[in-house]
1. Considering only B:GLN32, B:MET42, B:SER57, whose Cα is most displaced toward the positive end of the charge dipole of the stretch B:2-245, charges sitting on Cβ of Lys, Arg (+1) and Asp, Glu (-1)?
2. What order do you get for B:300-313, B:247-260 when each peptide is scored by the mean count of other beta carbon atoms within 10 Å, highest first?
3. Charges at C-beta only: +1 for Lys and Arg, -1 for Asp and Glu. How large is the resulting dipole of the protein assembly as shown about its Cα centre, in Debye rounded to 20?
4. Measuring from the lowest to the highest alpha carbon on each principal axis, how far does chain B reach, largest first, in angstroms?
5. Any lysines with Cα under 16 Å of the B:LYS198 Cα? List them, leaving off those in the same chain fewer than 8 positions away.
6. If the only charges are +1 at each Lys and Arg Cβ and -1 at each Asp and Glu Cβ, what is the size of the charge dipole of the stretch B:212-327 around the Cα centre, to the nearest 20 debye?
7. Counting only residues 5 or more places away or on other chains, whose amide H sits under 5 Å from the amide H of A:ILE72 once H atoms are built in the peptide plane?
8. From the phi angles alone, apply the Karplus equation (6.51, -1.76, 1.60; θ = phi - 60°) to the stretch B:65-82 and give each ³J(HN,Hα) in whole Hz, x where the residue is Gly or Pro.
Amino acid sequence: MIEILWHGRGGQGAFTASRLLGAAYALAENRYALAFPSFGPERRGAPIRAFTKLDDRPIGNRSEVKRADFSIFLDDTLFSKAAYAELKPDGKILLNTKKRYDDRRVVTVDGDGIAAEILKLPITNTIMLGALAGVFDKVSVAHIEEAIRQNMSEKLHGKNIAAVHAAVEAVRKGSVG
Amino acid sequence: MAKKFLSGNEAFAEGIRLARPQVISAYPITPQTIVVERLSEMVEDGSLKAEFIHVESEHSALSCAMGASAVGARAFTATSSQGLLYMVECLVYASGGRFPIVMMNANRSTALPWNIYGDQRDSIALLDSGWIQSYAENAQEALDLALMSYYIAEHKNVSTPYMANLDGFVLTHTYEVVDVPTQEQADAFLPRFETENKLDFAHPRNLGFSAGPDHNTQFKYKEHLGLLRVREIVNEAEARFAEIFGRRYTGLTENYRTKDADFILVTLGSISGLVREVVDGLREKNIKAGLLRLRYLRPFPDEEIVRALSGAKAAAVLEKDISFGGDGTVYTNVTAALQKAGVRLPVSDYIVGLGGRNISAEEIEQIFEELKRGAVKTVFLGIGGEDA
């Protein structure tokens, strides 16, 4: 099972990203996914987590992800050394930041930069989803596009799909830490 | 059918839309809110032709659904926890009046301490209210039960209200892949609601009457028989469902690797998925573990439990419920069924997940480990307990 841990602040769309990833992955045959937020009252700006679990058979364990294959930060103010303790041995951290990290486990992307240019809004959830597609080959960009079309309102489709492509390209070009 | 990525609440709302209720009355409460929000959106955009009635409380929500049912309309409501407790007075009116209303309950802890997370004390405390009670494991089953609930509740041999339980958050708020049937399929499955138990100027009759000591027991006995007949109608509904939708369910319970099992965990709801994974893991280590999932608590699947457990060396009940000063209520019911059938084996009771407390695979493995020792005890998992 592939497990993804999303970190964001209330209002940044981490849960939406977790859901889009699950929906995209499950578009292929015999693929299963669970997506859920850390449950409880919601507050704008407060740290939240969301979880996506991906597998090729039905997933019975609905507990929160303890150790992730990918730990994704929409906001680098939430990132600290504690993040490493929640990674599987070959796990990777995807970080929206302008900083550089000399660590092969950390993949960085200037999500805020892409957001300012394409979305004209400081929202990086679909951008970090694109960044994941850039380093994780079990979910295709085409399926992410389809998940956006099926699960987001129509006026958001064009810009978010463009933002996903920009993030994929940025990560693959090697704005990698 | 269309494959969608939905939460338990959303899947249940899709099932209700396909069942074409004529009246929906509800009051919002976490974690039920989304199901009625989605239904109100469907009424607003015209994809569901129903009267959506906003009420000021849960007591009125169920009263309203009862009024609708009493003129022969298909009615729906939904609630959770304190909301369910607030409508208790109306629960027995609906069951005693034989109004086949369907209600979704998002299982949530009850106060105090105040807590919005999932456990099953709310609905289990109301097993005696005369309602059918089902417990879904995942979002697909939730949608399918939404459709089947009306078939079962409205069947002329049953005519009993139906409470469909979904674990709060863990099921209501978790997104997963769900096949959503077409309206044509749903219409082929579910007949129109026909009843004689309604206010009808052409055939006047008395509803909601009183019955003194001479006749009261007869009414209560008939109510009891109505619930007992659910077993047969569940089988009928599931056979018909499998023919149209291609998904087959297994009656009041589901057996998973119980046939040759030495050690069986009995549980209900969304935790069953994790137990199934643990059972698979133990089987690989040649430990004969099994899972008995109770899909319904009313009517109580006593025959199925006796059949599944009679060959086992030991069993345990895993439940998100405690009857303070007694045991977990599921445990009391399970052991009574075994006792009645003369089946003797050690059965322990594990109280888990109260107020949304996480249950890990390791903890479930540990329970199987303890079963091997054949002890009989009631344990608050992770806290403690006493040997019997």
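1. Towards the positive end, the residue furthest out is B:SER57.
2. Working: B:300-313: 18.9, B:247-260: 16.6.
Taking the mean over residues of other Cβ atoms within 10 Å, the ranking is B:300-313, B:247-260.
3. Values: 65 positive and 72 negative charges, 136 e Å.
Charge dipole of the protein assembly as shown: 660 debye, to the nearest 20.
4. Principal extents (Cα only, largest first): 66, 54, 44 Å.
5. Within reach: B:LYS156.
6. On the way: 19 positive and 18 negative charges, 51 e Å.
Rounded to the nearest 20 debye, it is 240 debye.
7. So A:ILE72 has HN proximity to A:LEU5, A:TRP6, A:HIS7, A:LEU94.
8. Per residue, the Karplus-derived 3J(HN,Hα) values read 4, 5, x, 5, 4, 6, 10, x, 8, 7, 10, 9, 9, 8, 7, 6, 6, 4 Hz.
Read the figures in this text as sums done on the coordinates, not as results from a lab. Keep in mind that what you see is a predicted model, and the values were worked out from it rather than measured. So basically every Cβ, Gly included, is an ideal-geometry build from the backbone, and we count neighbours across all protein chains shown.
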